[in-house]
Amino acid sequence: MLPKWFNDWNKSNPTNIFGPAILVGAAGGAVFLAALLITWGQPYATESMQTGPRGTGMSVPEFNVDRLAADPTIAGYVAADDITDDMIAEVSDAALANVPPALEGMPEDEYARLLVAMRSWTGIPDLMEDPENYQTQVAYSMVEMVQNINEGWIGHVQYNAEVGVNCYTCHRGQAVPSDIWFRIAPVNEVAEGWAAVQNRVTVQSQFTSLPSDALEAYLLNYEQIAVHNLDSRVAENPSDPGVRTWQDTERTYSLMNYVSNSLGVNCVFCHNSRAFYDGAQVTPQWATESLGISMVLELNNDYLVPLRDTYPENRLGPVYADAPKAACKTCHKGYQQPLQGLNMVADWPSLTLVGGGFD
């Protein structure tokens, strides 16, 4: 039995049977969609982290489906409680005798447990088995590097909470960490000078036309991160020492774009949108990121670059045969905190102090 309004409408429009059918269908679809949204939630809902005064656009929005989803690599992390006595018993006497210099004095049972974890974290099942193996030689230096990060760079790796780093922070179960980088500039063979380092899609430029030498300049060569002079028609020559040019601005933008992608944030995560250039108006995250840049400079120059002659040829860069280097994405991999803030040092006190803290 049809409703009265339908019968009345049908009498007045005997040849048009589609209008009311469409109306009923649309109403039914709207009810179904509303019920779906109530039941399953809004798939495009966002949550914003306010980084500055409201109304200034200073917020970092993120889809809830991404914000609430766990980093998939967390599931592969081996904690101390995951290591059984059977796993420890499989560690050979040769490996137990091969203790990295930075861990000398560590009790054998503690070292065995840590070694089982390190083998899982790096995906190298025979790590420390052969002292002459290049991976073991690299591991000696990497243990020192981890200790230095956790003790010397607390302001960056433990700013919000006790988090720290260990091998898994970068390796995620792979012998070669993802998101390492090598020198590749110049990248444009048909041009010289400034044009030779840009306008070609590369990983270092984050697949944009921006310069591809930003990581090399700012995370290896200690060049100043800065934009051009803010005054118009200043009496300066671009060739004069210390003069910031538009080339420096583009290179800075290239680095900032890399940082944004590495942490999954936008510009106002660190900068005040009303005055990007003013260091007095930045957010607290700016200081943490600045420490991170200084930390990466030290890691590359003091730990990673010196390993160049330790690596086999197939582990070196494709252009300059240089050692692999680290940058923000090597640890963060798209998240504000690596592994979403998972505590990486609570179970491993030997990795929190230079020299392991042993007498």
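Laboratory data are not the source of any read-out in this text; all were calculated from the coordinates shown. As the structure is a prediction and not an experimental result, all values here were calculated from the model. Cβ coordinates were reconstructed from backbone atoms using ideal geometry, including for glycine residues, and neighbour counts include every protein chain displayed.
Given a Förster radius of 41 Å and the C-beta distance between residue 305 and residue 89 as r, what FRET efficiency does 1/(1 + (r/R0)^6) yield to the nearest 0.05? Given R0 = 41 Å and the Cβ-Cβ separation, E is 0.60. Result for the chain in a Gaussian network model with C-alpha springs under 10 Å: among 347, 126, 66, the largest mean-square fluctuation is at 66. Within the chain, helices built from complete DSSP H runs that reach 30 Å or longer along their own axis (Cα positions) and carry a mean Kyte-Doolittle hydropathy of 1.0 or higher are 18-40.
Relative contact order for the chain: what is it in percent, counting Cα pairs under 8 Å that are at least 6 residues apart?
Working: 473 pairs, mean separation 74.7, N = 359.
The value is 21 percent.
Taking GluC sites (Glu not before Pro) in DSSP loop states with no more than 16 other Cβ atoms inside 10 Å as exposed sites, the chain has its longest site-free stretch at 237-359.
Once the Cα-Cα distance is subtracted from the 0.36 nm per residue extended length, the residue 340 to residue 31 segment shows a gain of 107.4 nm.
Is the shape of the stretch 42-114 best called rounded, prolate or oblate, per the rule: a/c under 1.5 gives rounded, else a/b larger than b/c gives prolate, else oblate, with a ≥ b ≥ c the square roots of the Cα gyration tensor eigenvalues?
Values: a/c = 5.98, a/b = 2.69, b/c = 2.23.
Prolate.
Here the Karplus curve 6.51 cos²θ - 1.76 cosθ + 1.60, taken at θ = phi - 60°, turns the phi angles of the stretch 52-69 into couplings of x, x, 5, x, 9, x, 8, 8, 10, x, 8, 5, 4, 5, 8, 5, 8, 7 Hz, with x standing for Gly and Pro.
The loop-placed chymotrypsin sites (Phe, Trp or Tyr not before Pro) in the stretch 137-218, going by DSSP, that have at most 12 neighbouring Cβ atoms within 10 Å of their Cβ come out as 207. Only aspartates and glutamates eight or more places from residue 325 in sequence, or on another chain, were considered; those with a Cα closer than 13 Å are 179, 216, 298, 302.
Taking chymotrypsin sites (Phe, Trp or Tyr not before Pro) across the stretch 240-305, the ones in a DSSP loop with at most 16 further Cβ atoms lying within 10 angstrom of their Cβ are 276, 277.
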